[in-house]
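A short worksheet on the structure shown next.
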Amino acid sequence: VENVTLEKGQVTTVGTLHLTTHQIIFIQPDHKDEIWIPYPIIHTVERRSCTTDSKLWPLIIRCRDFKIYSFFILLEQDSIDVFDTIQKLTCIESISQVYAFDYKPEKEFSSSDGWSIYDVYQEYGRMGVDIPNSSWRFSSVNRDYTFCETYPHTLVVPTKISDNVLNHASKFRSKNRIPVLSYLHWQNKASITRSSQPMVGLKKNRSIQDEKLIEAIFRSNTPNLPSVFGSTQTNLIVDARPTANAMANAAIGAGSENMENYKNCERKFMGIDNIHVMREIIQTADVQGLLIKKQNLDKSNWLKYISTILESSLVIIKNVHIASSHVLIHCSDGWDRTAQLTSISILCLDPYYRTFGGFQVLVEKEWISFGHKFTERSGHLSDEKYFINSVNTNAANTAFNTVQSKFYNQSYIREISPIFQQFLDCVFQLLTQFPTRFEFNEKFLIELHYHCYSCQFGTFLCNSEKERMDYKVTTQTYSVWDYFNSNKNEFLNPLYDGGAEDKEDMGNNGVLLPDEKNTEGFAARMRWKSDSPISRTNSPGINDADTLRDGLQTLSPLTANYDNNPDIDL
């Protein structure tokens, strides 16, 4: 469609709109600039009545990466055809229809090992698993995914626990997600394990096998080193949920551990709300132009939960590194809040995961292999209910809000939530606090966020390792890591000091301790940007060395340009 006017923010351009099989492409007459919008990244499309002044037909496209594109089309029939075509191409029935299965780069990537970047035996072997006298072993109890279809095929469990005990213990954990190893401290061998909630119920059920498994985990190391700062070993069960939520789950047969049955440990509730709360927390952020109103962003509690995740991670970091103690982390099902806490804690504990390649391994291990539901949380499969025809209604915004309110009751929409995005925002806060300790830069996080939704690569498709095997993702799509590793220089942090990890660092030996006293300060220092993750070539938040050293700015790339839409569902 020619002579289409695009309004994006304060910029207006006229060009040609192309609808291809997998993207919307807007091209300006001089061909100097192109805007590509992948269909899976689209949140809503709204067709509005003809404007009274210019007599154009508006089509408003809101995207999941906070971009909003307002297209104005000359002819009504063209606007109807564009609306219907986008709906047809966006509302697909199977993940096998997304762009990743057709994508071929114009030039083959120089890096091609993306699908093997994470090797479970190599990575856990690096930690000391399955070596002589190790307290941990590899288990193939889930080799065909019949033990737990949302867990990886290879699990790491205490050497003293047999697969038979694991089979019995699995019946006591939601979705059979038993406690398994995520991380083994490089020095004191304290562990971070993860699981789902126990099926305690109102009758206070118990499982001897589950208790034996956790006891074996907590006895897997005997610290010979003196506790740092005089701390003593206190093993910890971290329940990421608010106390009331955990207790309420008992009514449906689940809940939290009865601590009378678990020896030599304590339990702490971290107060992180569920996916439904996280989906709605930005709805109160009123936007004027390109910048989010700071005071209303604070009211949305987005920054509050970023701070809560970081503070909770700090508790885990100190328990493992300083007290040489074990930590078991779970929420309800163990694939959302649990992944946030394990990955942030491990990122701070081990300098390897702060390297360019190590961070890729961390995402593969803690998010992808352990079954974060990327397809559901990211909304890769759209629905016709996201397409709103506001023509001949009294108020377009009223129509949008009415439809938006109906979304909440749709089961598909209720599964969408910005859990991985929160993790990336937490990483950004850490990068800002410790600008020389991360090999990657801000642009890397922004593009990682974009490709979580773009479906251009297979890395973030499906909800589990089993699903990716069923769809043959690793053989029929490209890995996003091939793209990043082939363009590595664009995503490197010029301030990175890899040698700093080997230096004396206040006794922490390369471990990062986020400043818990300044977590609320994140909100006070936050500034929001509206740059496109595609077109932007520089990364001022991390490339401007003077700014970083002086601590004058904290820039957040991940909630940028939440244009004119405080009600959009994340």
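The values are calculated or read from the model by the stated rules, or taken from the named source; none is laboratory data. This is a predicted model, so every value here is computed, not measured. Cβ sites come from the backbone with ideal geometry, for glycine too, and all protein chains shown count toward neighbours. Please note that ligands, DNA and RNA were not included when accessible areas were found on the heavy atoms of the full protein model with its side chains. Shrake-Rupley method; radii C 1.70, N 1.55, O 1.52, S 1.80 Å.
Say the dipole of the stretch 317-375 comes from +1 at the beta carbon of Lys and Arg and -1 at that of Asp and Glu; which of L347, H330, L362 then lies farthest toward its positive end?
L347
Hey, could you get me the Stokes-Einstein D for the stretch 301-394, Kirkwood radius over alpha-carbon pairs, 4 °C and 1.567 mPa s, rounded to whole µm² s⁻¹? Please list the in-between numbers first.
On the way: Rh = 15.7 Å.
D, rounded to a whole number, is 82 µm²/s.
At 0.36 nm per residue, and after removing the present C-alpha to C-alpha distance, how many nm does the segment from M469 to S110 gain when stretched out fully? Mind showing how you got there, number by number?
Numbers: separation 359, 0.36 × 359 = 129.24 nm, distance 2.51 nm.
Length difference between fully extended and current span is 126.7 nm.
Please list, ordered by chain and number, the residues whose modelled amide H lies under 5 Å from the amide H of R267; skip anything fewer than 5 residues away on the same chain.
The answer is I237.
Given a 1.4 angstrom probe, I'd like the percentage of the accessible area of the stretch 88-170 that is carbon and sulfur, rounded to a whole number.
Numbers: 2040 of 4550 Å².
The nonpolar share, carbon plus sulfur, comes to 45 percent.
A 25 angstrom limit on the alpha carbon distance is what I want to check against. Which of K160/K263; K67/K107; K466/K488; K189/K212; K160/K189 exceed it?
Violating the 25 Å limit, Cα to Cα: K67/K107; K466/K488.
Sort the following peptides by mean Cβ neighbour count (other Cβ atoms within 10 Å, averaged over residues), highest first: 346-352, 177-183.
Highest mean packing first, the order is 177-183, 346-352.
When the Cα atoms of the stretch 110-174 are enclosed in a convex hull and the volume is divided per residue, what value in Å³ results? Display every interim value, and only then the final one.
Details: hull volume 7.0 nm³, N = 65.
Cα-based convex hull of the stretch 110-174, divided per residue, equals 108 Å³.
Please state the shape class of the stretch 133-258: rounded when a/c is under 1.5, otherwise prolate if a/b exceeds b/c and oblate if not, all from the C-alpha gyration tensor.
Note, shape of the stretch 133-258 comes out oblate.
Just subtract the alpha-carbon distance of E2 and L74 from 0.36 nm times their residue separation and send over the number in nm, one decimal. Provide the component values of the computation, followed by the final result.
Numbers: separation 72, 0.36 × 72 = 25.92 nm, distance 0.88 nm.
So the chain would gain 25.0 nm between E2 and L74.
Please work out the C-alpha center-to-center distance from the stretch 126-178 to the stretch 440-488 and express it in whole Å.
27
Could you work out the per residue convex hull volume over the alpha carbons of the stretch 50-158, in cubic angstrom? Don't jump to the answer; show the numbers that get you there.
Numbers: hull volume 22.7 nm³, N = 109.
In the stretch 50-158, the Cα hull volume divided by residue count equals 208 Å³.
Using the Karplus equation 6.51 cos²θ - 1.76 cosθ + 1.60 (θ = phi - 60°), what ³J(HN,Hα) coupling, rounded to whole Hz, does each residue of the stretch 420-427 give in order, writing x for Gly and Pro?
Values per residue, Gly and Pro as x: 5, 4, 4, 4, 4, 5, 4, 4 Hz.
Which distance in Å, rounded to a whole number, links the C-alpha centroids of the stretch 9-73 and the stretch 321-347?
41
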